[in-house]
1. List, in order, the whole-Hz ³J(HN,Hα) value for each residue of segment 142-159 obtained from phi through the Karplus relation with A = 6.51, B = -1.76, C = 1.60 and θ = phi - 60°; use x for Gly and Pro.
2. Probe radius 1.4 Å, ligands and nucleic acids ignored: give me the carbon and sulfur share of the accessible area of segment 209-285 as a rounded percent.
3. Using the Karplus equation 6.51 cos²θ - 1.76 cosθ + 1.60 (θ = phi - 60°), what ³J(HN,Hα) coupling, rounded to whole Hz, does each residue of segment 176-185 give in order, writing x for Gly and Pro?
4. Give me, ordered by chain and number, the residues 5 or more places off ALA308 or on other chains with an amide H under 5 Å from its own placed amide H.
5. In what sequence, highest mean first, do 86-97, 67-78 appear when ranked by Cβ atoms within 10 angstrom?
6. Using the basic label-point model (7 angstrom from Cα toward the beta carbon), what is the LYS63 to ALA149 distance in nanometres?
7. For TYR102 and LYS303, what does the FRET efficiency come to when R0 = 45 Å and r is the distance between their Cβ atoms, rounded to the nearest 0.05?
8. Under 5 Å between amide H atoms, partner at least 5 residues away or on a different chain: which partners does ALA60 have, H built in plane at 1.01 Å?
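The values are calculated or read from the model by the stated rules, or taken from the named source; none is laboratory data. All figures in this text were calculated on a predicted structure; none of them were measured in a lab. Ideal geometry is used to build each Cβ from the backbone, glycine not excepted, and the neighbour counts take in all protein chains shown. Only protein heavy atoms, including side chains, enter the accessible area calculation; ligands, DNA and RNA are left aside. Shrake-Rupley method; radii C 1.70, N 1.55, O 1.52, S 1.80 Å.
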Amino acid sequence: MNTPLLRRLPAALTVTALTLAALSACSPAASAPDGGASTSDAADAPITIDNCGSEVTLAAPAKRIVLVNNDSLPNLEALDAVDRVVALTSTVQPGLYKDSTYTTLDSLDLLSTEKNATGGSIVSQESILGARPDLVIAPENAVDRAALAASGIAVYTPSAYCANPGPELSQPATFDRVWSEVRTLGALLGESDQAEQVVAQGTASLGSEAPDAGTAAALYVSSGGSVLSPYGGPSMVTPVFAAAGLTNVYADSPERVFDANIEDIISRDPATIVLLYSSGEPKDVIDSFMSAPGVSALSAVQKGRVVALQFPYTDPPSMLSIAGPQQVRGLLSTLP
């Protein structure tokens, strides 16, 4: 099921007294309040960071991690810490990671989930506690920090999923948000030196921006094609597009993602449509979009300039965002 919107986030799980119930749903800069780390890489040294306005403290670098959705998996892989994951709540999307990452995670059982009345996922709090994590990585609205802290478990929320993001996160995103996520996670793992190496290598891999390739809109299609959701300036779509030579026609929006009517999309006249998807096949995603009322009036559709891109290559900020421009350029090369 394709549901990456913040309010329809896949596997976003909310802790209640007995359960973590799913909500139907960027990273701070290194010195930003959501990611400023006060830490040492010394073994077993306490680590304290400010995350989404809450203080998060680990007695020692995290060794046992539960992932509530897989958005931080690219950064864990880059930091050689996939083997610290002891439980996760959703299957790993194929074709994105090293073979060794799939091998490691395939040995783990998914935490047992059920569907609630609105189609969200529910996982018992007991099953998370049973995994004996020292760190849970999850959207802020998906967990109860206090309840887990009372059990001695810290919670880290990628800043794209802070419930009340600071004003700086309403500004157009840059790749600095990726570097901040990597550095903050590196601090929690006691791997700050390695995080700096990852940042240096990632920065070098971006290189210079590509030549102008025109305008584009990144859309998420849901409800069988009836709901079209563009990604705005604060999303990682904006810098990924820029590095591929594209201009996000919704870069002026202060919202990361939102629903839009077809008339608004037509009025912005993107030369290319990039459809983001988190499961299924590209053709199916494109077919679903083509079934949406009114899309035939888009010049991008009329000229055959519609492509589908795996969602993690854009948002939220991760090392897959760094690989996004190359993926986008490859798709553009197939268009008329």
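1. Each residue of segment 142-159 in turn: 9, 9, 9, 4, 5, 5, 6, 4, 5, 9, x, 10, 7, 10, 10, 10, x, 5 Hz.
2. On the way: 1420 of 2730 Å².
The value for segment 209-285 is 52 percent carbon and sulfur by accessible area.
3. In residue order, the calculated couplings are 4, 5, 5, 4, 5, 4, 5, 5, 5, 5 Hz.
4. Placed amide hydrogens put LEU275 under 5 Å from ALA308.
5. Working: 86-97: 16.7, 67-78: 24.8.
In decreasing order of mean packing, 86-97, 67-78 become 67-78, 86-97.
6. 2.4 nm
7. Using R0 = 45 Å, I get an efficiency of 0.75.
8. Answer set, sorted by chain and number: ILE47.
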